[in-house]
Amino acid sequence: SGRRERCPSMNAEAVPLLSAAGLTTLAQAQIPRECAACAPLVCPGWESVPSTFDMSSLQRVGTLRGEDADASTVVEHHPRGTHGWSADAPIAPAFFPYNRCDVWTCKVCARPFLRYTEYGGYYEDQRIRQLDAALVDSAEP
């Protein structure tokens, strides 16, 4: 569509720029458990944020956007033949859409999620994916 990801206006506080190693550490620190607060978001691949979900249940804790996010690549990284919607697609911070993501955690259980806005011709869609340490990939374009 040619439109670029915009910085989220809901939380203007500075958050750290996370590397692949930082993402892995964050994902490994989370203790898996049932959590009613974030249960609607628990999905291995990208999904739309349900319109009924209370976003105040999440806290922005980091970003994968570099200083020049608008110049970031739109190339995806799929060395194992996955695609953008694959549940086992690599989470590669240097590649799209991860280079346009912010990192959020559930305020109740600390489960980490990746989130970005997809801009279509006539819509904007908030996408979210649970962070899985086993899928983090430090490849560079």
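The values are calculated or read from the model by the stated rules, or taken from the named source; none is laboratory data. What you are looking at is a predicted structure, and each value in this text was computed from that prediction instead of being measured. Note that we place each Cβ from the backbone using ideal geometry, even for glycine, and neighbour counts take in every protein chain shown. Calculation scope for accessible area: heavy atoms of the full protein, side chains included, ligands and nucleic acids excluded. Shrake-Rupley method; radii C 1.70, N 1.55, O 1.52, S 1.80 Å.
Based on protein heavy atoms only, the chain ends up with 54 Å² per residue of surface accessible to a 1.4 Å probe.
The length gained by stretching the chain between Ser19 and Thr73 to full extension, at 0.36 nm per residue less their Cα-Cα distance, is 17.8 nm. Amide H contacts of Val136: Ile91, each under 5 Å away and 5 or more positions distant or on a separate chain (H built 1.01 Å from N in the peptide plane; Pro and chain starts excluded). Which distance in Å, rounded to a whole number, links the C-alpha centroids of region 13-38 and region 83-118? Cα centroid to Cα centroid, the span is 10 Å. Report note on the peptides 51-59, 132-140, 88-96, 102-110: ranked by the mean count of other C-beta atoms within 10 Å, highest first, their order is 88-96, 102-110, 132-140, 51-59. All C-alpha pair distances within the chain, sorted into 5 Å bins from zero, spread as 2, 10, 21, 25, 22, 14, 5, 1 percent across the bins.
Per-residue ellipticity at 222 nm computed for the chain from its helices equals -2000 deg cm²/dmol, with DSSP H segments shorter than 4 residues left out and the rest contributing -39,500 (n - 2.57). Taking θ as phi - 60° and the Karplus parameters 6.51, -1.76 and 1.60, the scalar couplings of region 92-108 work out to 10, x, 7, 10, 6, x, 5, 6, 10, 9, 10, 10, 10, 10, 5, 5, 8 Hz in sequence order, x denoting glycine and proline. Distance between the 7 Å Cα→Cβ label points at Gln30 and Asp54: 2.0 nm.
The length gained on full extension between Ser86 and Ala37, counted as 0.36 nm times the residue separation minus their Cα-Cα distance, comes to 15.2 nm.
Here the chain has 52 percent of its accessible surface on carbon and sulfur atoms, given a 1.4 Å probe and all protein chains in place.
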